[in-house]
Amino acid sequence: MAEMRKRIRLGDLLVEANIITQEQLEFALTEQKKRGRKLGQMLVDLQYLTEDKLLQFLSEQLKLPLIDLRHHPLKEETVRMLPETMARRFRAIVLGITKDGVLVGMSDPTDIFAYDELSRILNSHVIQAVVREKELLRNIDLFYGHADQISDLADEIEQEISSQADFHLDTLISTEMAVDAPVARLLQAIFEDAVKKRASDIHIEPDQNVLRIRLRIDGVLDEQLLNEVQISPSLISRLKLMGGMDISEKRRPQDGRFRMKVKEKSIDVRVASIPLMRGENVVESVVMRLLDQSGQVLHLAQLGMPENIRERFRRQIHRPNGIVLITGPTGSGKTTTLYAALSELNDPGKKIITIEDPVEYQMPRLNQVQVNAKINLTFASILRTTLRLDPDIIMLGEIRDQETAEIAIRAALTGHMVLSSVHTNDAIGTAVRLMDMGIEGYLVASSLRAIIAQRLVRRICPDCKAVDPLERQQIAWVEALAGQGYRAPRFYRGDGCNQCNNTGYLGRVGVYELLELSVAMMRALQKNDSILFTRTAQADPAFRSLARCALDYAEQGLTTVEEVQRIANESIAEDAEESPEIGDVLTEKAVA
C-alpha cells in the first residue's frame, strides 16, 4: 500500500489523460481556494466532468474497486466500527472485513491524511474502495440513526427520576428542573430521527415493561423499544406542556399543537393523547402528526395523478358552482389534494374562504378560519357566516353531519363552488353516504358535480427492484380484477436494500378514482335509488376504480401487486357481492 499513500496530484493526472484542460485546472484551483472545496468536487461543480467519470478515473488510476453502495450489502455493526463524526469528516464508510484488513469506501481516496487517520482509528490495515459521495452520505444517515442516542438519553432520565424521591409531574412546569434538559434532548433526538426517516407520525406508547416509540414511515409503523418505561410520564407531560394541554388531566383525551424547527425544517406538530389501562394503572399514550411547513403546497401537476384524471378534475373545480368532494381514510392525502386544488384556483379575481380543523397550511390571499368547538365555532356555524361574506369558493375541511352537508348544498345551489372531504371508502359510496345523512337525493343530484377517492400506495424501491414471480392465486386475482381477456404482464417488487431499510419500498404515490355525475346518475339520485345509482356509476365507461388504477401503477412497475391487493380487497369484496360475474371468476380462477 506504500505506493497508494503517495501524494497524488489529481489535477495533473486529469490533464495528462485529456479529461480536462490546463486552463480548466488552473481556474478550478483558484475557485477551490475561494470556496474551500476539494479539487475533485470543485471540478464536478464546475461541470468540467461528471462525478461518475471522476470516480471511474480514480478507480482505474489507483487500481481500486468502484463500489455501488445501492447494491452493496452493509451491516450496521460493521459500519459503526467507525464513529459517525469520523465517517462524515473523512467521507468514509466501513464496507466489510476481509482477511487482509478492513474494506473502507471513500469518496476521495487521494486524501492521505484521511487514510492515515482511518488506519489509526480502526487499528487495522485499510483497503480502500471508491464510492459516490451522495450514496455514502445517505448510508451514513441511515446507519448512524438516533437509536443509541435515544436509548442513552432515556437511561439518563430514568436515573435522574429515580434519584428524586418526591418527584411530581407538576414540577415539570419549572424549566429549571434537572430532569427537563435530558427530556428536551430526548424529544429533540426523537423528532430528528422522525424527520430524517420521513415519518408522518410519532407514536409514544407506554406498555407494562417497555416504552414503545413507533414511527409511521410510508404508511407502516417502525418500532423502537426502550426498557425505561418509567420515563414515559415525564416525556408525555413535556409534550402536553408544549402542546398547551392540561398535564394534570390524565383521564380524558386531549388535543394540542405546537411548532418546532428540526434540521432547518419548520415542523407543525399536532398532538393527541388518550388514557390507556395497563394492569390496574392508567397511563397515557400520545400520537403526533408531523406537518412540514417549510415545503411549499403542491400543485395539481405534482400530485402524480394520471393525466386524464387530473384534467377532468381540473375542469370540475373551475366550474362556477357545485360541490366537488375528496374522499378516503385518514392519512390518504385528502388535505394535500384539497390544497393543490386551492393553489390552482387561487388568483386575485376570486375570494376563497376555508373552514378547517385545524388549519394545516397557510396560503396567501386565502381567508382561513379555524374551527373551535369550545366556543361553538363549528363547521356549520362558520359556513352560515361565510355565505354572507361574498365568497366565490368555499373549502370545508370535512362534511361530518347533516347540518353541514345541507348548508354546503345550499351554498352550491346559490352560485358557490364548494370543495370538501368526506370519510368514505370510495367515490360511488360517497353520494350514497350523503343520502344516509338525511339529504334528499334531488338535492344531491342538483349540487354534486364530482367525487375523487384516493389512497396512497408504497413505491417500489428503484435500487432493489426485481421481477416478481406472482403466485397462481395472485394471478387469478389480478385477471379477475382486470376483466375477461386480460393477460397479466410482468410485475415487479423490491427485494430490500440499504436505501429502503430492507423493506423493498421507498416513498408513496397516490391512487385515484374520479366519478363525474352523468344525467343517468342524477336521475337515479333523484329517485333516492342508491342501488341504481351504484350500478349506473360502475357501468360508466369513464369510471375506473381505485383497484384498477392501482393495477395500472403495478403494470408500470411503480408498485407491487401486494400493495394493489392491500388497498383493493375491501372494494373488490363489495363488487363481488353485487356482481356475481366477478365473484364467479374469482372463485373459478382461484380453484384452478
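Residue separation of K265 and R37 scaled by 0.36 nm, minus their Cα-Cα distance, works out to 79.5 nm of gained length.
Given R0 = 22 Å, the distance between the Cβ atoms of N321 and N372 translates into a calculated FRET efficiency of 0.15. Among beta bridges from DSSP that stay inside the chain, the antiparallel ones total about 65%.
Determine, from the Cβ-Cβ distance of T98 and E307 and an R0 of 51 Å, the FRET efficiency 1/(1 + (r/R0)^6), rounded to the nearest 0.05.
On the way: r = 51 Å, r/R0 = 1.01.
That gives a FRET efficiency of 0.50.
According to the calculation over all Cα-Cα pairs in the range 253-374, the P(r) per 5 Å bin from zero is 2, 8, 15, 19, 19, 13, 10, 7, 3, 2, 1, 0, 0 %.
Using a 4.7 Å Cβ-Cβ cutoff, the cysteines of the chain lacking any partner cysteine are C549.
Length gained on full extension, D529 to R410, computed as 0.36 nm times the residue gap minus the Cα-Cα distance: 40.6 nm.
The Cα center of the range 376-412 and the Cα center of the range 489-540 differ in position by 28 Å.
Computed on the Cα trace of the range 187-258, the radius of gyration divided by the Kirkwood hydrodynamic radius gives Rg/Rh = 0.97.
Translational diffusion coefficient of the chain (Stokes-Einstein, Kirkwood radius from Cα pairs, 4 °C, 1.567 mPa s): 46 µm²/s.
Summing +1 for each Lys or Arg and -1 for each Asp or Glu, what net charge is found among the other residues whose Cβ lies under 15 Å from the Cβ of L303? Net charge in that neighbourhood comes out at +3. Using the Cβ-Cβ distance between D390 and E77 with R0 set to 60 Å, the FRET efficiency works out to roughly 0.35. Along the axis of the charge dipole computed for the range 1-123 (Cβ charges of +1 for Lys and Arg, -1 for Asp and Glu, origin at the Cα centre), the listed residues G101, L58, P83 are led at the positive end by P83. Charged side chains reduced to their Cβ positions (Lys and Arg at +1, Asp and Glu at -1) give the range 82-143 a dipole of some 120 debye around its Cα centre. Based on protein heavy atoms only, the chain ends up with 49 Å² per residue of surface accessible to a 1.4 Å probe. The charge dipole of the chain, taken about its Cα centre with unit charges on the Cβ atoms of Lys, Arg (+1), Asp and Glu (-1) only, comes to about 1420 debye. Extending 7 Å from the Cα toward the beta-carbon at both Q208 and L46 defines two label points whose distance is 6.9 nm. Exposed loop sites here are GluC sites (Glu not before Pro) assigned a DSSP state other than H, G, I, E or B and surrounded by at most 14 other beta carbons within 10 Å; excluding them, the longest clear run of the chain is 281-470. Protein heavy-atom surface of the chain, 1.4 angstrom probe: 47% of the accessible area is carbon and sulfur, with nucleic acids and ligands not counted. Converting phi to 3J(HN,Hα) with the Karplus coefficients 6.51, -1.76 and 1.60 and the offset θ = phi - 60°, the range 361-378 yields 10, 9, 10, x, 6, 7, 9, 9, 10, 9, 5, 9, 5, 4, 10, 6, 9, 9 Hz in sequence order, with x at every glycine or proline. Put a dot 7 Å past the Cα of K134, heading toward its Cβ, do the same for K350, and the two dots end up 3.7 nm apart. Packing, as the average of other Cβ atoms within 10 Å across residues, places the peptides 414-423, 521-530, 254-263 in the order 414-423, 521-530, 254-263, highest first. Annotation: for a label point projected 7 angstrom from Cα along Cα→Cβ of R70, residues of the range 457-476 with backbone N closer than 15 Å are 460-467. Reported value for the range 391-440: 76 Å³ per residue, from the convex hull of its C-alpha atoms.
Placing a pseudo-label 7 Å from each Cα along the Cα-to-Cβ vector at I19 and D222 gives an inter-label distance of 3.5 nm. Kirkwood hydrodynamic radius of the range 372-531, from the reciprocal of the average inverse Cα-Cα distance over all distinct pairs: 19.2 Å.
When only alpha carbons are used to place a centre, the range 415-465 and the range 229-257 end up 35 Å from one another. For the pair Q402 and Q293, the difference between a 0.36 nm per residue extended length and the Cα-Cα distance amounts to 36.0 nm.
Report, to the nearest 10°, how far helix 472-482 tilts away from the longest principal axis of the Cα atoms in the chain, using its own Cα long axis and a range of 0 to 90°. For helix 472-482, the angle is close to 50 degrees.
The values are calculated or read from the model by the stated rules, or taken from the named source; none is laboratory data. This one's a predicted model, so the numbers in the text were calculated from it and none came from an experiment. With ideal geometry, Cβ positions are generated from the backbone for all residues, glycine too; neighbour counts draw on all protein chains shown. Side chains included, ligands, DNA and RNA excluded: accessible areas come from the protein's heavy atoms. Shrake-Rupley method; radii C 1.70, N 1.55, O 1.52, S 1.80 Å.
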